[in-house]
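Following: one structure in structure tokens, then a few remarks.
The values are calculated or read from the model by the stated rules, or taken from the named source; none is laboratory data. On a predicted model such as this, the values are computed, not experimentally measured, just so you know. Cβ placement follows ideal geometry from the backbone for every residue including glycine, while neighbour counts extend to all protein chains displayed.
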Amino acid sequence: MPYVNLRDFGALGDGAADDTKAFCSALRAAAQGDGTLYVPAGTYRIQPVRIPSSVTILGHASWGYSAWGYENNKVKEERPTDPQINGHTVFVPASAQGEALWDLGEASHVRIAGISLDGQMLGNGFHGILARGGQKAQDLTLEDARICHFTGNGLTLDRVQGFALRRSLIIRNLGHAMEVSGSRQGSVIDNQLSYNDGAGFWGLGQGTGDFTITANRIEGGGPGGIYLEDADNITVYGNSFDSCCGPSVTFLRCRIGSITGNLSRLSGRVSQGDANAHFRMEDSQGIVCAANSLWGWPALVGHDAMPWYGMVLRSLTGSVIAKNSMHDAGNRRCILDYGGHRHCLVADNQGRPHAPEEEETHADA
């Protein structure tokens, strides 16, 4: 038999029964056997559980972003909720008596595919999925997943070595979409990280880095879309950032990074000071920021509600900031440059701040 079936262990998946015991028994059987636990369609109510190494948890994705606009991801009486929005294989918490609904600990070689986790806003700082790394490579893969309504982060990777997030939606959590502090060797490709209260991708501290972040849509809360401190070896390519509550990309004290081919609109505009910008790069080395498009969308929000700056730069070393388009990126300056750079090129960045007298013309265009 190529897999074990959760229903064979007594799980009901009716959203009411406690399926924790069945789920744990099935996980043990999968870890000891062929490694794949198949989860048929249903809503499985469980206590927080520990996920073992060397398992694949496979469900039916079939989730949607929203059938009624993003309001569908809120609880509002006047807006009906699509009953299929979470997909066909959904896990919900019976309690928040733990750090996360699924705790991987130091597990390795775990693949989660086609699963939805809905935290139902239980607890305080309760995460969707949590993994804590050690010295060995863990090689965790999460794909075609939906993680929503947790009071902590959707996905927390603490010092994890080797991970991939693909084709997934992390939305409406009170923490970050994903936290990667101390983690390395990760790829985040073709996901949507939207309307979380925290950042879309957040990490800081020594050892954080070796990330490829490509082809995602990121609508980050505070402190923005991608927020990294003391990280290294970061590729940010071909992403779409929209209305982040802080810069779309923040690099503070980072080393060796490429920010290319991204689109950012309206990001930073609800923040104060240097965070009211699309991109913020300070005290960093070996950064290339080129061929990005930054836009403040004045026709939608008006001059006063636009971001202040396209970019904020300070104390960069061995870096190139060039050939970015910043037409109407902000209402004060395209680039707020504090200087203090060494061996840097800041050149050929095209654009101008938006002028208030242009609003009527822009709105009619």
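When segment 32-51 is filtered for residues that are aliphatic (A, V, I, L, M) and either in a loop (DSSP other than H, G, I, E, B) or at pLDDT below 95 (or both), the ones remaining, listed by number, are V39, A41, I51. Scan segment 267-322 for residues that are polar (S, T, N, Q), within 12 Å of G246 (Cα to Cα) and surrounded by fewer than 23 Cβ atoms within 10 Å (Cβ to Cβ) and the total you get is 2.
Might you check whether a residue that is of a type in the set (F, W, Y) and at pLDDT below 95 occurs anywhere in segment 52-66? The answer is yes, given that some residue of segment 52-66 is of a type in the set (F, W, Y) and at pLDDT below 95. Within segment 257-275, one or more residues are in a loop (DSSP other than H, G, I, E, B), among the aliphatic types (A, V, I, L, M) and modelled with pLDDT under 95. Every condition in (1) farther than 12 Å from N324 by Cβ; (2) modelled with pLDDT of 95 or more holds for V288 except the one numbered (1).
What number of residues within segment 335-349 are surrounded by fewer than 16 Cβ atoms within 10 Å (Cβ to Cβ) and on the phi < 0 side of the Ramachandran plot? Break it down stepwise before answering.
At the first step, the residues of segment 335-349 found to be surrounded by fewer than 16 Cβ atoms within 10 Å (Cβ to Cβ) are 338-340, 342-343, 345, 347-348.
Right, trim to on the phi < 0 side of the Ramachandran plot and you get 338, 342, 345, 347.
Total meeting the criteria: 4.
Kindly provide the set of residues from segment 255-265 that are surrounded by 24 or more Cβ atoms within 10 Å (Cβ to Cβ) and not polar (S, T, N, Q), ordered by number. Give the derivation first.
Step one: of segment 255-265, the residues surrounded by 24 or more Cβ atoms within 10 Å (Cβ to Cβ) are 257, 259, 262, 264.
Of everything in segment 255-265, those that are surrounded by 24 or more Cβ atoms within 10 Å (Cβ to Cβ) and not polar (S, T, N, Q) turn out to be G257, I259.
L101 meets the conditions (1) assigned to a strand (DSSP E or B); (2) surrounded by fewer than 18 Cβ atoms within 10 Å (Cβ to Cβ); (3) in contact with a Pro (Cβ under 6 Å, 6 or more places away or on another chain) in every case but one. The failed one is (2).
Give me a count of the residues in segment 161-175 that are within 19 Å of T214 (Cβ to Cβ) and free of Cβ contacts under 8 Å to residues at least 60 places away in the same chain.
Taking segment 161-175 and keeping what is within 19 Å of T214 (Cβ to Cβ), we get 162-170.
Next cut, free of Cβ contacts under 8 Å to residues at least 60 places away in the same chain only: 162-168, 170.
Residues in segment 161-175 being within 19 Å of T214 (Cβ to Cβ) and free of Cβ contacts under 8 Å to residues at least 60 places away in the same chain: 8 in total.
When G134 is tested against (1) touching a residue at least 40 places away in the same chain (Cβ under 8 Å); (2) surrounded by fewer than 18 Cβ atoms within 10 Å (Cβ to Cβ), exactly one condition is not met: (1).
Within segment 4-26, the set of residues being surrounded by fewer than 17 Cβ atoms within 10 Å (Cβ to Cβ) and not in a helix (DSSP H, G or I) comprises N5, G10, L12, D14, G15, A16, A17, D18. The numbered conditions (1) crowded, with 18+ Cβ neighbours inside 10 Å; (2) touching a Lys or Arg at 6+ places or on another chain (Cβ under 6 Å) are all true for D190 except (1).
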